[in-house]
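Novice: First the structure, then my questions, so here it is.
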Amino acid sequence: MALVDTSLVSGPLPTVVTFAGAVGLAVLVLSRRRGHLLRSVPICLIAAVVLTVVGWVVVEKIWRGFPDPIQTSVYVWIGVGLLGLLLVVPRVVAARRWWTTVLALLATVAVVATAALQVNLVFAAYPTVGSALGLDAAEKVGLDEATNRTADPITGSSLESVWTPPADLPSGGRILDTPIPGTVSGFAARNAQVYLPPAYFAPRRPLLPVLVLMAGQPGAPDDWLTGGRLVQTMDAYAADHGGLAPVVVVADATGSAVANPLCVDSPLGNVATYLSTDVPAWVRGTLQIDPDPSAWAVGGLSYGGTCALQMATNFPQVYPTFLVLSGQLEPTLGDRRRTLDAAFGGSEAAFEAVNPMNLLATKRYDGSAGVFVVGADDPEYKGYAAQLVAAARAAGMDVQYLEVPGGHSYQTWSEGLRREIGWLGTRTGITS
C-alpha cells in the first residue's frame, strides 16, 4: 500500500526517476565507438527533433483538436522519450555482450519513464503510483445493488440534523460503472462513473443530493477518479458527516477522448440535451436520491468547467448550483470562426443564444449560486475567471472566486473540489 500511495508529483520519487533518466540518457549517448558519437547520436537526435516538430505541427496547426495549445515543455519531453527509443537501436545492434544489451534496454526504460513522469508533472493526471497503474480507489458495486430502494427514506431541511449513521455503515463509498443512455439526445456517451457514499448503503437510506461532474478534453469520466481524486475527497467529507456526501455522477460530455462537441446541441453531438435531460432523468429513475433541483449541482474541469457554466446558464432550473474549475471564457474549438462553422452553421446569433457570457448579459439568475476556481499559476484562465465572475454577479448570481496553488492541472482541480465540497454540501442540503 505504501508503494501504491507513493506520490508521482511530489516527494522523492520524481527526483529519483529523473536522476535515473539522466543517467540512462548518458549511457545511451556515451560510447567508446567514434561511429556512435559521430554518426548514430546526431542521426537519432535529428530524427527525434524532426518527429517532435512534425507531431507539433500536426496537433497544433493541422488537426487543432484542442482549444488550448499544449505546453512546449510537453513536446520537449516527448522528444526526449523519442530520443531514448531511437538511441537504443544502434546500441543494441552494436552490442557484443548480453549485459550491454540489457543495460541499454534499462537505460531506455529510465529515459522514457522520466519523459512520461515530466509530462505527468505538467498535468498531474496521475498523482500516485496506484492511479498510474489503474488501481481502483474504491470498491465497485453492481447496478442491482445501486438501484435497490429502501422503504421510508430519510429527508430533512439538512440531512445531517436528522441522520444517525448505523453501526454497520461502510467506511468508504463505492463506484458504479454504468452507461447512461442518450434516450432523448441520441448522444453516444461513454460509461459514467457514479460515486455512491457510505450513507447510500444504509438500511434506511437518506435522500442524498446529486453532483454531476464532467472531465476535460482530452479526457474521460475516469479522470475524476485518478487525477481528480474524487473518491478520496468524497470519502473524507463523508467521514466527517456520518457517511453523508453527494451522489456524484461523472458523466461523459465529449463522447470520446479527443472529441470537442462544445457542450451544445449541434452536428457535433447533442450534449446539452444529454446533460440537461437524459442524465437527470436516468439518475432520478435509477437511483434513490433527492429529486428536488435545489439538491442538484453541476461542475467540471477545463472543458468540463466551461460545460458546467453552460448548463447553469442554459438550464438553471435543472442545475441551480455550479462549480467551475478553470473554465474557458466561452465554448471554443480554438477560434470563433472555426467554432461557428463547425457547430452553429456559421451563425453568430445561434452561438450567442447559448453562450454563457451573452446569457449573463441579458438574463437574471437570482436563484443560482456557484464557485469559480482557478490555479494561481494559470494567468490565462485567471483572466477568464475574473470576467465570468463579474458577469455572473451582474446577472444576480451568488458567486465566489477561489485561487488555489497550481496551474491548469489536476493539482488545481482536485484541490478545488476538496475545498468547495463543504460549500456544495451546505448548498445542496447536507449541512445547514
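The values are calculated or read from the model by the stated rules, or taken from the named source; none is laboratory data. Fair warning: this is a prediction, and the values are worked out from it, not measured in the lab. No Cβ is skipped: glycine too gets one built from the backbone with ideal geometry, and neighbour counts run over all protein chains shown. In case anyone asks, the SASA skips ligands and DNA or RNA and just uses the protein heavy atoms, side chains included. Shrake-Rupley method; radii C 1.70, N 1.55, O 1.52, S 1.80 Å.
Novice: What residue, of Ala125, Ala107, Ala115, is in contact with a Leu (Cβ under 9 Å, 6 or more places away or on another chain) and under 27 Å from Tyr381 (Cα atoms)?
Specialist: Ala115
Novice: Condition (residue is open to solvent by less than 10 Å² (accessible area, probe 1.4 Å) and within 29 Å of Leu208 (Cα to Cα)) applied to segment 400-411: is it met by at least one residue?
Specialist: Yes, some residue in segment 400-411 is open to solvent by less than 10 Å² (accessible area, probe 1.4 Å) and within 29 Å of Leu208 (Cα to Cα).
Novice: Residue check, Leu103 against (1) within 21 Å of Val29 (Cβ to Cβ); (2) at pLDDT below 90, all met but one. Which one?
Specialist: It is condition (2) that Leu103 fails.
Novice: Quickly run through segment 173-215 and pick out the residues that are open to solvent by 20 Å² or more (accessible area, probe 1.4 Å), within 25 Å of Thr426 (Cβ to Cβ) and of a type outside the set (A, V, I, L, M, F, W, C).
Specialist: Residues satisfying the conditions are Arg174, Arg204.
Novice: Also, quick follow-up: Would you be able to tell me the number of residues in segment 262-299 that are in a loop (DSSP other than H, G, I, E, B), on the phi < 0 side of the Ramachandran plot, touching a Phe, Trp or Tyr at 6+ places or on another chain (Cβ under 9 Å) and hydrophobic (A, V, I, L, M, F, W, C)?
Specialist: Result for segment 262-299: 3.
Novice: Quick check on segment 352-364. Is at least one of its residues in contact with a strand residue (DSSP E or B) (Cβ under 7 Å, 6 or more places away or on another chain) and of a type in the set (Val, Ile, Thr)?
Specialist: no
Novice: If I go through segment 32-41 residue by residue, how many of them are open to solvent by less than 30 Å² (accessible area, probe 1.4 Å) and either touching a strand residue (DSSP E or B) at 6+ places or on another chain (Cβ under 9 Å) or not in a helix (DSSP H, G or I) (or both)?
Specialist: Number satisfying all stated conditions: 0.
Novice: Being modelled with pLDDT of 95 or more and touching a Ser or Thr at 6+ places or on another chain (Cβ under 7 Å): is that true of Arg205 here?
Specialist: yes
Novice: How many residues, within segment 382-398, are surrounded by fewer than 21 Cβ atoms within 10 Å (Cβ to Cβ) and either among the β-branched types (Val, Ile, Thr) or in contact (Cβ under 8 Å) with a residue 60 or more places away in the chain (or both)?
Specialist: Residues flagged as surrounded by fewer than 21 Cβ atoms within 10 Å (Cβ to Cβ) and either among the β-branched types (Val, Ile, Thr) or in contact (Cβ under 8 Å) with a residue 60 or more places away in the chain (or both) within segment 382-398 amount to 1.
Novice: Moving to a separate point now. Yes or no: Leu340 over 16 Å from Gly407 (Cβ atoms), open to solvent by less than 50 Å² (accessible area, probe 1.4 Å) and assigned to a loop (DSSP other than H, G, I, E, B)?
Specialist: So Leu340 does not fit the description; no.
Novice: For segment 244-277, enumerate the residues that are of a type in the set (Asp, Glu) and either at pLDDT below 95 or crowded, with 22+ Cβ neighbours inside 10 Å (or both). Talk me through it step by step, then tell me what you get.
Specialist: First pass over segment 244-277, keeping only residues of a type in the set (Asp, Glu): 252, 265.
Answer for segment 244-277, where residues must be of a type in the set (Asp, Glu) and either at pLDDT below 95 or crowded, with 22+ Cβ neighbours inside 10 Å (or both): just Asp252.
Novice: Follow-up question, since we're still on this one. Specify which of the listed residues (Leu117, Leu87) is more than 33 Å from the chain's Cα centre (by Cα) and open to solvent by less than 30 Å² (accessible area, probe 1.4 Å).
Specialist: Leu87
Novice: Could you grab me the full set of residues in segment 291-302 that are over 22 Å from Asp144 (Cβ atoms) and either free of Cβ contacts under 8 Å to residues at least 24 places away in the same chain or open to solvent by 10 Å² or more (accessible area, probe 1.4 Å) (or both)?
Specialist: Asp292, Pro293, Ser294, Ser302 - these are the residues of segment 291-302 that are over 22 Å from Asp144 (Cβ atoms) and either free of Cβ contacts under 8 Å to residues at least 24 places away in the same chain or open to solvent by 10 Å² or more (accessible area, probe 1.4 Å) (or both).
Novice: Of the numbered conditions (1) in contact with a Pro (Cβ under 8 Å, 6 or more places away or on another chain); (2) over 18 Å from Ala272 (Cβ atoms); (3) not aliphatic (A, V, I, L, M), Tyr365 satisfies every one except a single condition; which is it?
Specialist: Evaluating Tyr365 over (1) in contact with a Pro (Cβ under 8 Å, 6 or more places away or on another chain); (2) over 18 Å from Ala272 (Cβ atoms); (3) not aliphatic (A, V, I, L, M) leaves (2) as the failure.
Novice: Looking only at segment 336-378, count every residue that is within 25 Å of Trp63 (Cβ to Cβ), basic (Lys, Arg) and touching a helix residue (DSSP H, G or I) at 6+ places or on another chain (Cβ under 9 Å) and tell me the total.
Specialist: 1
Novice: Could you look through segment 1-22, keep only residues that are open to solvent by less than 40 Å² (accessible area, probe 1.4 Å) and either part of a helix (DSSP H, G or I) or out of contact with any strand residue (DSSP E or B) (no Cβ under 8 Å at 6 or more places or on another chain) (or both), and pick out the one that is nearest to Val109 (Cα to Cα)?
Specialist: Looking at the filtered set, the residue picked out is Gly21.
Novice: Tell me, which residue of segment 42-75 that is among the hydroxyl-bearing types (Ser, Thr, Tyr) and surrounded by 14 or more Cβ atoms within 10 Å (Cβ to Cβ) is nearest to Ala113 (Cα to Cα)?
Specialist: In this case the residue turns out to be Tyr75.
Novice: Which number in (1) more than 30 Å from Thr128 (Cβ to Cβ); (2) part of a helix (DSSP H, G or I) marks the one condition that Leu25 misses?
Specialist: Of everything listed in (1) more than 30 Å from Thr128 (Cβ to Cβ); (2) part of a helix (DSSP H, G or I), Leu25 misses just condition (1).
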